[in-house]
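The values are calculated or read from the model by the stated rules, or taken from the named source; none is laboratory data. Predicted model only: the values in this text are computed from it and were never measured. All Cβ positions, even for glycine, are placed from backbone atoms using ideal geometry, and neighbour counts span all protein chains on display. Please note that ligands, DNA and RNA were not included when accessible areas were found on the heavy atoms of the full protein model with its side chains. Shrake-Rupley method; radii C 1.70, N 1.55, O 1.52, S 1.80 Å.
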Amino acid sequence: MTEYENLGKLNAPFFEEYKKSFADTLDSGWYILGNKVKNFEEEFARYNGAPFCLGVASGLDALILALKAFGFPPNSEVIVPSNTYIATILAILHAGLKPVLVEPDIHTYNIDPSKIEEQITPRTVALMVVHLYGKACEMGQIMEIKRKHNLVLIEDAAQSHGAKWRGQPTGTFGEYGAFSFYPTKNLGALGDGGALLMKTGELYNKIKRLRNYGSDVKYYNEVVGYNSRLDEVQAGFLSIKLKRLDEINDHKRALAVLYLQGLKDDFIKPVVSPDFYDVYHIFNIRHPKRDKLKEYLFQNGIKTEIHYPVSPNKQNAMKGIIEGEYPISEEIHATTLSLPVSFFHTPDDIHKVIEVMNRF
Ligand SMILES: *Cc1c(COP(=O)(O)O)cnc(C)c1O
């Protein structure tokens, strides 16, 4: 059986170091907002070439706090891709704002920049772009729209640790770049975690307060804050894994090359272009008989996943919230299939998948 993912195998190379780090935190007696979080924040900022970083409790919280930092009037509009993972849309709703969905490009699966401007109204305050599957968005056009309309830009980089557009890391283009360290992500912890990158001390201070009860000085509360902190144990693990994030990304990129070269052209493969450094959080193909293909692969000992089976506009939770037609998003959701591409997979695993797929 070729597994789609196995978090035990994925993390096995780090176990010895993780155990030392955990013992260290256990002995220290300091479990919330200590040196491990501080060190990881510095390391993650440096890795991305960002001036500042703050750890938070999850990727969803990172997105919510980023929006909250601006104090936008209620029901202000935020532009978001129609095929994102639901968390991006939930963040907008939890911040008391209105999601305005823009269709993705059918080739890149990222927001189609040529369709953004027609959705901008006087109530639009922010663009929330998502670097889906580990591919950066077309940032040139997005930065131009941001400047022209004077909008805040928040990047959902939950799937794109280390991905770049023209050499610049995702998460460093906008006011805030939001990351998730959910265990399956390219930089995954052993529990929940998240972070924000930011450019200025002002943007940094806002999040620092918001994540910790709105407080700068213990027991003095300046704003209506939250409890959303990365913990010391996870931060310790993340520092260890961050040192090998490039190796993880290189490994996934090498497996992706095997798929790109080996799979027959019946499968629509991810596009590759020199401007984009893709890290393949997910390696997806598209096929009109996706469900049959998934079943066929399972019968042949290969597990796959679907990211995602239901378009956000078709989710029960979005009834009465999202209106309109999103045919491109629905087409992607109906045809996409995610193939095994984990850090623990070997080239032989991938060759086997390719061989079975090419007989479909
Ligand atoms: C994983 C993910 C999130 C949410 O991250 P959590 O840490 O699970 O809260 C947000 N957006 C995208 C695109 C994601 O893939």
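Residues in segment 309-326 that are of a type outside the set (Val, Ile, Thr) and closer than 22 Å to Lys292 by Cβ were compared, and the one that is surrounded by the most Cβ atoms within 10 Å (Cβ to Cβ) is Ser311.
Answer with yes or no whether Thr184 is open to solvent by 30 Å² or more (accessible area, probe 1.4 Å), out of contact with any Ser or Thr (no Cβ under 8 Å at 6 or more places or on another chain) and closer than 23 Å to Ile306 by Cα.
Working: open to solvent by 30 Å² or more (accessible area, probe 1.4 Å): yes; out of contact with any Ser or Thr (no Cβ under 8 Å at 6 or more places or on another chain): yes; closer than 23 Å to Ile306 by Cα: yes.
Criteria met by Thr184.
Checking each residue in segment 232-277 for being assigned to a helix (DSSP H, G or I) and polar (S, T, N, Q) picks out Gln234, Ser239, Asn249, Gln261. Among the residues here, Arg253 qualifies as open to solvent by 20 Å² or more (accessible area, probe 1.4 Å), at pLDDT 95 or above and under 24 Å from the mean Cα position of the chain (by Cα). Of all residues in segment 204-231, exactly one satisfies the criterion of being among the charged types (D, E, K, R), surrounded by fewer than 18 Cβ atoms within 10 Å (Cβ to Cβ) and assigned to a strand (DSSP E or B), namely Asp216.
Would you point out which residue out of Phe40, Phe15, Phe52 is of a type in the set (A, V, I, L, M, F, W, C), open to solvent by 60 Å² or more (accessible area, probe 1.4 Å) and in contact with a helix residue (DSSP H, G or I) (Cβ under 6 Å, 6 or more places away or on another chain)? That would be Phe52, the only listed residue that is of a type in the set (A, V, I, L, M, F, W, C), open to solvent by 60 Å² or more (accessible area, probe 1.4 Å) and in contact with a helix residue (DSSP H, G or I) (Cβ under 6 Å, 6 or more places away or on another chain).
Residue by residue, here is whether (1) within 15 Å of the ligand (Cβ to nearest atom); (2) assigned by TED's automatic domain parsing to the domain that holds Leu339; (3) at pLDDT below 95 holds:
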residue: Arg211; (1), (2), (3): yes, no, no
residue: Gln234; (1), (2), (3): yes, no, no
residue: Val257; (1), (2), (3): no, yes, no
residue: Gly262; (1), (2), (3): no, yes, no
residue: Asp266; (1), (2), (3): no, yes, no
residue: His281; (1), (2), (3): yes, yes, no
residue: Asp291; (1), (2), (3): no, yes, no
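Restrict the check to segment 82-92 and report whether at least one residue is open to solvent by less than 10 Å² (accessible area, probe 1.4 Å), within 16 Å of His149 (Cβ to Cβ), more than 10 Å from the ligand (Cβ to nearest atom) and outside any helix (DSSP H, G or I). Lay out the reasoning, then the answer.
Step one: list which residues in segment 82-92 are open to solvent by less than 10 Å² (accessible area, probe 1.4 Å), which gives 82-84, 88-89, 91-92.
With the extra rule that they be within 16 Å of His149 (Cβ to Cβ), the set shrinks to none.
Within segment 82-92 (the criterion being open to solvent by less than 10 Å² (accessible area, probe 1.4 Å), within 16 Å of His149 (Cβ to Cβ), more than 10 Å from the ligand (Cβ to nearest atom) and outside any helix (DSSP H, G or I)), the answer is no, since none of the residues qualifies.
When Glu5 is tested against the conditions (1) assigned to a helix (DSSP H, G or I); (2) under 23 Å from His161 (Cβ atoms); (3) open to solvent by 50 Å² or more (accessible area, probe 1.4 Å); (4) in contact (Cβ under 8 Å) with a residue 12 or more places away in the chain, the lone failure is (1). Assess whether Thr200 counts as being among the β-branched types (Val, Ile, Thr) and open to solvent by 20 Å² or more (accessible area, probe 1.4 Å). Judged against the criteria, Thr200 is a match.
Would you confirm, using the coordinates I've provided, whether Ala62 is open to solvent by 10 Å² or more (accessible area, probe 1.4 Å), within 15 Å of the ligand (Cβ to nearest atom), modelled with pLDDT of 95 or more and outside the structural domain of Asn313 (by TED's automatic domain parsing)? Here the answer is no, as Ala62 does not meet what is asked.
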